[in-house]
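The values are calculated or read from the model by the stated rules, or taken from the named source; none is laboratory data. Just so it is clear, the structure is predicted and the values come from calculations on it, not from any experiment. So basically every Cβ, Gly included, is an ideal-geometry build from the backbone, and we count neighbours across all protein chains shown.
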Amino acid sequence: MQELDDYIDRMENLPPSPRILPPLLQLLNQPDVDSDRVVRLITLDASLTVAVLKLCNNAALGSSVKIDDLGHAVTRLGFQQVYQLVAAICGGRTITPKQAGYGLDAGELWRHSVVAAVAAQAIARDTDVNESTAFTAGLLHDIGKIVLSQALEGRYAAVLEEVETRHRSLLEAEKSLLGVQHAEVGARLLSRWDFPANLVAAVCFHLDPGAAVPHERLAACVYLGNVVSNFMGHGYGHYAYAFHGQADALRILGLDAEALPRYMIRTQERYAEVEALTCLR
């Protein structure tokens, strides 16, 4: 644990914490959601307030009445759509910058993560897993790369050699070069930010969902969301992913391999909507 903390503490510019997400998730998981508390949380961030109001008015095109009250906007849009917008914007602030240590241009990690989040949410909806938590875990599953990117700057060629010539996964290459893996570093960062244990476990074991007991179903949603994102062309890293656990993830959720193409189609449709939402801010 200390080694993980050391990498996080050595970061020159720690990414901003999406601190609104844990309490917002907690509220949405309650049987009777307190809309007033949801509104109060969102109003703590002016840019999120503006984004929700813009989305609401955009959805009401053709109406001469403009919505300028956040409570009214949240009620009209619905909690799930508001949460998805808030999560995407908060996550975007954290994971959009260039990650030179992994050879990622600005926005590349964000696009991969949003597609994975949308796919994980769709899979969760069909397998009785909490959709909002699956979306959040998918969005943040690679957040550890932001921490390790600085440590890998100037060493990306060594990562590629580990992956390509020794046929190792990215996690194995990271462990060999740094002694830690981005999944466990990301989980530790989210734990320090007070994210719930199930979400932390899903991020920690997003490439080995069977090890996430008792949260293996959530981790399997994130795993398959990650697979879908890569299959749709939103991957990166020169063979950096070896999806050895795909059969295990499908078994955990009671799905078959033929389901993945269907989720790719559904994800493509929803990703375009999420991308449009985040452009409203």
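Quick notes
- Pair list, Cβ < 7 Å and 6+ apart or interchain, from region 152-165 residues that are at negative phi to residues that are modelled with pLDDT of 75 or more and surrounded by fewer than 17 Cβ atoms within 10 Å (Cβ to Cβ): 155/177; 158/177; 159/177; 162/176; 162/177
- Selection within region 123-142 - assigned to a helix (DSSP H, G or I) and either buried (at least 24 other Cβ atoms within 10 Å of the Cβ) or among the hydroxyl-bearing types (Ser, Thr, Tyr) (or both): 123, 124, 132, 133, 134, 135, 136, 137, 138, 139, 140
- For region 143-159, the tally of residues that are outside any helix (DSSP H, G or I), more than 15 Å from residue 21 (Cα to Cα) and among the β-branched types (Val, Ile, Thr) stands at 0.
- Among the residues here, residue 187 qualifies as assigned to a helix (DSSP H, G or I), buried (at least 17 other Cβ atoms within 10 Å of the Cβ) and either over 23 Å from the mean Cα position of the chain (by Cα) or not charged (D, E, K, R) (or both).
- Filter result (surrounded by 18 or more Cβ atoms within 10 Å (Cβ to Cβ) and of a type in the set (Asp, Glu)) within region 143-170: 162
- Filtering region 28-40 to residues that are surrounded by 17 or more Cβ atoms within 10 Å (Cβ to Cβ) and within 27 Å of residue 187 (Cβ to Cβ) leaves 28, 38.
- Top-ranked residue of region 94-131 - restricted to ones that are modelled with pLDDT of 90 or more and polar (S, T, N, Q), ranked as nearest to residue 204 (Cα to Cα): 113
- In the set (1) touching a Phe, Trp or Tyr at 6+ places or on another chain (Cβ under 6 Å); (2) of a type in the set (A, V, I, L, M, F, W, C); (3) surrounded by fewer than 16 Cβ atoms within 10 Å (Cβ to Cβ), the condition left unmet by residue 50 is number (1).
- Verdict on residue 140 being over 21 Å from residue 248 (Cβ atoms), modelled with pLDDT under 80 and either aliphatic (A, V, I, L, M) or in contact with a Lys or Arg (Cβ under 9 Å, 6 or more places away or on another chain) (or both): no
- Residues of region 7-24 classified as under 30 Å from residue 151 (Cβ atoms) and either exposed (fewer than 12 other Cβ atoms within 10 Å of the Cβ) or of a type in the set (A, V, I, L, M, F, W, C) (or both), total: 10
- The set of residues in region 190-218 that are touching a residue at least 40 places away in the same chain (Cβ under 8 Å) and assigned to a helix (DSSP H, G or I) comprises 190, 192, 198, 199, 202, 203, 209, 210, 217, 218.
- Tallying residues that are part of a helix (DSSP H, G or I) and surrounded by fewer than 20 Cβ atoms within 10 Å (Cβ to Cβ) within region 172-183 yields 5.
- For region 104-119, the criterion of being in contact with a helix residue (DSSP H, G or I) (Cβ under 9 Å, 6 or more places away or on another chain), among the small types (Gly, Ala, Ser), more than 30 Å from residue 260 (Cα to Cα) and touching a residue at least 12 places away in the same chain (Cβ under 8 Å) is satisfied by no residue at all.
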